[in-house]
Amino acid sequence: MSNAPQNTFLVCHGAWGGGWSWKKMHPLMQAAGHRLLTPTYTGLGERTHLANPAIDLESHIQYILNVIDYEDLGDIVLLGHSYGGMVATGVADLARGKIAQLIYLDAFVPRDGQSLFDLNEPGRAPMRQAAGSGDGWRAPPNPTPSPWPTRRSSSPSWRPSPSCRLASARCCCCATSCAGRPATPPSCSGRPSRR
C-alpha cells in the first residue's frame with residue numbers, strides 16, 4: 001500500500017490570517033490521508049517583519065507560485081479563503097496545469113481586473129481610514145485570537161454565512177461565485193491584468 005497522500009491541499013489564507021490559523025486542520029487532513037500546505041504570505045503573521053509598501057496581491061500570487069515550484073507540487077487542490085480567493089484566482093490563472101481543483105471557501109472571487117475594493121465596496125472607506133491612521137500604507141490587522149477560549153458557550157458567536165456556500169471548480173475558467181452564478185475567469189490567457 002502506498003503512503004502517498006490522497007490529495008495535496010494548498011491553502012491561500014485570508015488577509016489577516018496565516019498558515020498558523022489552519023494548524024488545527026493539519027492532523028485532521030493527515031488522518032484522512034491528505035497533505036495540507038498552509039504557507040503564510042510575505043508581510044503577514046510570522047513574516048510580518050518583511051512587510052513593506054511594495055508587497056501587494058501580485059507578491060502574494062508569486063509567493064504561492066513559488067511554493068508550488070519549490071515544493072514540486074502538481075495535481076493540487078487549491079483552496080482560497082476570504083482574501084485568499086483573490087490570490088487563488090491569480091495562481092489558478094498562471095499554474096492551471098498543476099491544479100486539479102480550485103475551491104473558494106467564503107472567499108472573494110474576482111473577475112478579470114477587479115480589486116478587493118471592487119468586491120467589497122462597503123469596506124473601502126473603513127480600510128482607507130484605518131490605513132491613514134497608521135503608517136499610511138497598511139490597515140492594522142484584526143487581533144490574533146487566543147488559542148484558549150475565555151468562556152464556553154453552547155451558542156458560538158461565529159457562524160458561517162448562510163448565503164455563501166463552498167463553491168468549487170476544476171479550474172478558474174469554471175469557477176462559480178458564492179451566489180452560484182458563473183464568474184468571469186481572471187484572464188485565462190496569461191498574467192492577470194493590472195488596472
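The numbers here are math on the coordinates, done by the rules we state, and not lab data. Computed from a predicted structure; not experimentally measured. Here the Cβ is made from the backbone with ideal geometry for all residues, glycine too, and neighbour counts use every protein chain on show.
Across every pair of non-identical alpha carbons in the stretch 52-141, the mean reciprocal distance, once inverted, gives a Kirkwood radius of 14.2 Å. Sorting the segments 121-134, 9-22, 26-39 by their residues' average number of neighbouring beta-carbon atoms within 10 angstrom, most packed first, yields 9-22, 26-39, 121-134. Listed by Cβ neighbour count within 10 Å, with the fewest neighbours leading, Lys24, Lys98 appear as Lys24, Lys98.
Taking a cut-off of 14 Å, what percent of all Cα-Cα pairs in the stretch 1-89 are separated by more than that? That tail contains 64 percent of the Cα-Cα pairs. Overall, the stretch 10-119 carries a charge dipole of about 340 debye about its Cα centre when +1 sits on the Cβ of Lys and Arg and -1 on the Cβ of Asp and Glu, all other atoms neutral. For the stretch 21-88 versus the stretch 113-129, the spacing of their alpha-carbon centroids is 22 Å.
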